[in-house]
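The structure appears below as structure tokens.
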Amino acid sequence: QDVFSIPKVGDYVVHAIHGIGVCEGITKLSGNFGTKDYVVVKYRDNDKLYVPIDQMDLLDRFSGADSPTKLSKIGGTEFGAVKERVRKNLKKLAFDLTKLYAERETRKGFSFVKDDELQLEFENSFPYTETEDQLKAIAEIKADMESNKVMDRLLCGDVGFGKTEVALRAVFKAVLSGKQVAIMAPTTILSEQHYNTCMSRFDGFGINVGVLNRFRSKAEIDETLTKLKTGELNVICGTHRLLSNDVQFYDLGLIVLDEEQKFGVGDKEKLKLKRSNIDVLTLSATPIPRTLHMSLSGIRDVSIISTPPSERLPIQTAVLEYSDAVIVDAIQRERAREGQTFIVYNRVESIDQFAFKIKQLVPNAKILVGHGQMKPADLETVMYKFFNRMADVLISTTIIENGVDISNANTLVVVDADKFGLSQLYQIRGRIGRGNRVGYAYLMYKKDKALSDESYKRLEAISEFTEFADNYHTPFRYLKLIYL
């Protein structure tokens, strides 16, 4: 977690005692002990709390997915009750997890069938050459599944390094053994992508795939739930919707959990708690410390894919001052090769004005805007349109780091890149260059801005962590000569 700095005006903050408020800025107050700086936090009924700068450890950023529905009341009992409820839930969850992992260690799991001709035929239909790391991970997962242990394996690999194909081979093995598989993703668009991938890879092999997400009508969802319960569906893709009480499996044998760092602990373990003898395969490009600790301490097994596919091209990365001309050139170059462009602009309050400006600069481009404060259905519609190539440019906040896989989008512009953390920049940049085209990332900072040492080192690290091809027929020759 990032070290908490002084909040900006309008930021939601959480005080350890008084709860959720809104920062109104910094002010100076004089008293018996001299003049001090205070952070002003507004609470319900316009009450104000003045927090001395030297007591900043009592404040933290509000980290919920959306803005809080209401502010806390100073001196009220609501926030204390919320904290107590969370403590009890965490205590219960910790007990449940301890019990769960103890049961999973002692229980015998299902022994999946060994590879047969159909499994080999499916694997040979993969149009690319597997890397050694992929083959090693596949062998480790198959060994777990064919044994009588309950698998709980973490598959860790960089974005675009082939984790999904490894997981699909485990899914195929489970279905051949007569078991159902649940593939769970943190966002609707990613669950839809998994569904499309499964439909494509399993085509011709007689595997029935379903999906549960907001893109489906109630009638379609009801039909899917019925088929899942009766065993007509072999594979189900979905979001948190798979955790609902009305989702019943005929014979669930494997859970594939993608982008595990985006789920809460309770979400990740709820499916396991239902059945302690189900094999679990977790996929992650950036595993959280808890997951790594469990893997390194032996509670969970880990497979690592550390080499990129041979056909994957390095993402060419440039760090430069903000320039409308460069953005226009980047969009037009990507459109010329019938590709799409991501522009990350992380200020919701002015993102529409920024999008209007880009539209004026590139009037022939179709532009969409997406951010986390939109209604979920509206945001999903935007992502669905971009995924289906109904637009050339997506201007968004950092929401695209959540596992968006659009192989046709291979140009990225990040505005105010110096304000992002290194891991976040790395995740965002990983959204491009996922196909067989060269990806171009433009990390921009404000013109004439003096970067801090920390920001400079972050941008230098992300730009250097690229294997530049010896190719001077790219737009980066121009950038290096003129802007850098």
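Work out the FRET efficiency for E121 and A143 from their Cβ-Cβ distance, taking R0 = 25 Å, and round it to the nearest 0.05.
0.75
Using every alpha carbon pair in segment 112-209, what percent of pairs falls into each 10 Å bin from 0 up to the bin containing the largest distance?
13, 50, 35, 2
Using R₀ = 41 Å, calculate the FRET efficiency as 1/(1 + (r/R₀)^6) where r is the Cβ-Cβ separation of N364 and N436; round to 0.05.
0.95
How big is segment 334-434 by the Kirkwood estimate over distinct Cα pairs, in Å?
Kirkwood hydrodynamic radius for segment 334-434: 13.7 Å.
Measure up K83/K375; K149/K179; K385/K419; K366/K419 against 25 Å on the Cα-Cα distance and list the ones that go over.
Long pairs (Cα-Cα over 25 Å): K83/K375; K385/K419; K366/K419.
Amide H of L252 versus every other amide H placed in the peptide plane: which residues, excluding those fewer than 5 positions away on the same chain, fall under 5 Å?
Amide H neighbours of L252, under 5 Å, 5+ apart: Q180.
Give me the one-decimal nm value for the distance between modelled label points at Q373 and Q332, 7 Å along each residue's Cα-to-Cβ direction.
The two pseudo-label positions are separated by 3.3 nm.
Given the protein chains as shown and a 1.4 Å probe, how many square angstrom of Y384 are accessible, to the nearest 10?
That residue has around 90 Å² of solvent-accessible surface.
Each label point is 7 Å from the Cα along the Cα-to-Cβ direction; what then is the distance between the points at I53 and F215, in nm?
Here the answer is 5.0 nm between the modelled labels.
Taking the Cβ-Cβ separation of K385 and Y250 as r and a Förster radius of 35 Å, what is the calculated FRET efficiency to the nearest 0.05?
With a Förster radius of 35 Å, E is 0.50.
Just the number, please: Stokes-Einstein D of segment 168-227 in µm²/s, Kirkwood Rh from C-alpha pairs, 25 °C, 0.890 mPa s.
Answer, rounded: 198 µm²/s.
Let me make sure I get this right: for segment 195-257, a, b and c are the square roots of the gyration tensor eigenvalues over alpha carbons, sorted descending. Under 1.5 in a/c it's rounded, otherwise prolate if a/b > b/c, else oblate. Which is it?
Here segment 195-257 falls in the rounded category.
The values are calculated or read from the model by the stated rules, or taken from the named source; none is laboratory data. Because the structure is a prediction, the values reported are computed rather than measured. Positions of Cβ are generated from backbone atoms using ideal geometry, with glycine treated the same way; all protein chains shown enter the neighbour counts. Please note that ligands, DNA and RNA were not included when accessible areas were found on the heavy atoms of the full protein model with its side chains. Shrake-Rupley method; radii C 1.70, N 1.55, O 1.52, S 1.80 Å.
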